[in-house]
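Working notes, beginning with the structure itself.
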Amino acid sequence: MIQNFPIRYVNPVFRPPSEAQSLILPVTDGCSWNKCTYCEMYTAPQKKFQVRAEDETLDAIRRCGEQLGDQVQRVFLGDGDAMVLSTRRLLTVLAAINEHLPKVRRISSYCLPRNLRNKSVQELQEIRQAGLTLVYVGAESGDDEVLQKVSKGETFETSRDALDKLGAAGITRSVMLLNGLGGRLLSRQHAENSARLVNLTQPEFLATLVVSFPQGDDRFCQAYPQWEPLNQQELFGEIEQFLEALELKRTVFRSDHASNWLVLKGVLGAEKERLLLEVRNAIGHPESARLRPEWARGL
């Protein structure tokens, strides 16, 4: 164990599953929006949003270089939305990573669509050229009514605009959607409009998670009192509707988060029919489908 580790963490710390081997480098604490009623990630009192001092971040990078040397090949910029930083600040951080951690081959971050409104495609191209090549965009839904009811602070068009900007800049986009977010009332439009968003933007990666509330759903239901959760079969039905409506050229699709009962992996559209067959088998013959048991859904 490294004594006096160079990075100051404010727990709890979050990252996408695919960043398990990455150095987590916080450039902010918490989330600048932090009003989404389905999200429990940054609600702890110690996670109040703030941008970290530039000197602290640069010193942490320098010390990581001294202590970790060539061990670091991936860096994830935390916390909830590193892209809230100005382009100048981001370029300064990226330059320091390139200088002090020369073996790094991938830099990534979460990205709220709202934080790209004042960044041009040219600025995003500069950020990409400096090393930030992958962002995770929690679109959650492509349906404006669902987005409004869960206090997302985004719309179909703001999400589309952000994804288009990122694509034009050559930054790889990993889009996340929440199965069941609209509840029974809005399930169909949630599936159809989410598919429409993805079809129009053609992200490189796509993932679906099941909406869940480990700390209870009181906060969520206060804002959306008509919400009724989908049962397992209804969740599968919503995924079937979503997949049926997709018209993707080449998007890597994953539905393998711990919240999912049914694990799906494939490339869309090449494997769309196979994925639909697996979903339909889970609907019609759940006893023969390889479903994740409830106890294994680590939420």
- Flagged in the range 270-290 as in contact (Cβ under 8 Å) with a residue 40 or more places away in the chain and not small (G, A, S), in numbering order, are V279, R280, I283, P286
- Note on the structure: V75 passes all but one of the listed conditions (1) crowded, with 17+ Cβ neighbours inside 10 Å; (2) under 17 Å from the mean Cα position of the chain (by Cα); (3) under 30 Å from V146 (Cα atoms); the exception is number (3)
- Message: Name the single residue that is nearest to P6 (Cα to Cα) among those in the range 30-77 being in contact with a helix residue (DSSP H, G or I) (Cβ under 8 Å, 6 or more places away or on another chain) and β-branched (V, I, T).
- Response: I61
- Note on the structure: Scanning the range 131-173 residue by residue, those small (G, A, S) and touching a helix residue (DSSP H, G or I) at 6+ places or on another chain (Cβ under 8 Å) turn out to be G131, A139, S141, G142, S151, G153, S159, A162, G167, A168, A169, G170
- Is there a residue in the range 42-61 that is touching a residue at least 40 places away in the same chain (Cβ under 8 Å), of a type outside the set (A, V, I, L, M, F, W, C) and touching a Phe, Trp or Tyr at 6+ places or on another chain (Cβ under 9 Å)? no
- Task: Just need a number here: residues in the range 185-210 that are within 22 Å of A258 (Cα to Cα), touching an Asp or Glu at 6+ places or on another chain (Cβ under 6 Å) and surrounded by fewer than 20 Cβ atoms within 10 Å (Cβ to Cβ).
- Result: 0
- How many residues of the range 242-260 are closer than 23 Å to R297 by Cα and either surrounded by fewer than 20 Cβ atoms within 10 Å (Cβ to Cβ) or of a type outside the set (A, V, I, L, M, F, W, C) (or both)? The answer is 8
- Item | Of all residues in the range 1-60 being of a type in the set (A, V, I, L, M) and assigned to a strand (DSSP E or B), the one that is nearest to V84 (Cα to Cα) | V51
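Results for (1) at pLDDT 95 or above; (2) farther than 21 Å from L134 by Cα, shown as yes or no for each residue.
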{"site": "A195", "(1), (2)": "yes, yes"}
{"site": "L206", "(1), (2)": "yes, no"}
{"site": "E238", "(1), (2)": "yes, yes"}
{"site": "L243", "(1), (2)": "yes, yes"}
{"site": "E271", "(1), (2)": "yes, yes"}
{"site": "L275", "(1), (2)": "yes, yes"}
{"site": "P286", "(1), (2)": "no, yes"}
- Cross-chain or 6+ apart pairs with Cβ under 6 Å, the range 158-173 first and touching a residue at least 40 places away in the same chain (Cβ under 8 Å), then surrounded by fewer than 17 Cβ atoms within 10 Å (Cβ to Cβ) and of a type in the set (S, T, N, Q): A169/Q125
- Reported set for the range 82-119 where residues are in contact (Cβ under 8 Å) with a residue 12 or more places away in the chain and hydroxyl-bearing (S, T, Y) is T87, T92, S108, S109, Y110
- Which listed residue, of E99, E54, is charged (D, E, K, R) and either surrounded by fewer than 15 Cβ atoms within 10 Å (Cβ to Cβ) or at pLDDT below 95 (or both): E99
- Item | Residue in the range 244-251 that is of a type outside the set (G, A, S), touching a Phe, Trp or Tyr at 6+ places or on another chain (Cβ under 8 Å) and under 29 Å from Q148 (Cα atoms) present | yes
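Could you grab me the full set of residues in the range 135-182 that are among the hydroxyl-bearing types (S, T, Y) and crowded, with 24+ Cβ neighbours inside 10 Å?
Answer for the range 135-182, where residues must be among the hydroxyl-bearing types (S, T, Y) and crowded, with 24+ Cβ neighbours inside 10 Å: S141, S159.
The values are calculated or read from the model by the stated rules, or taken from the named source; none is laboratory data. Computed from a prediction, not measured in an experiment: that's the story for all the values here. Counting neighbours? That spans all protein chains shown, and the Cβs are built from the backbone with ideal geometry, glycine included.
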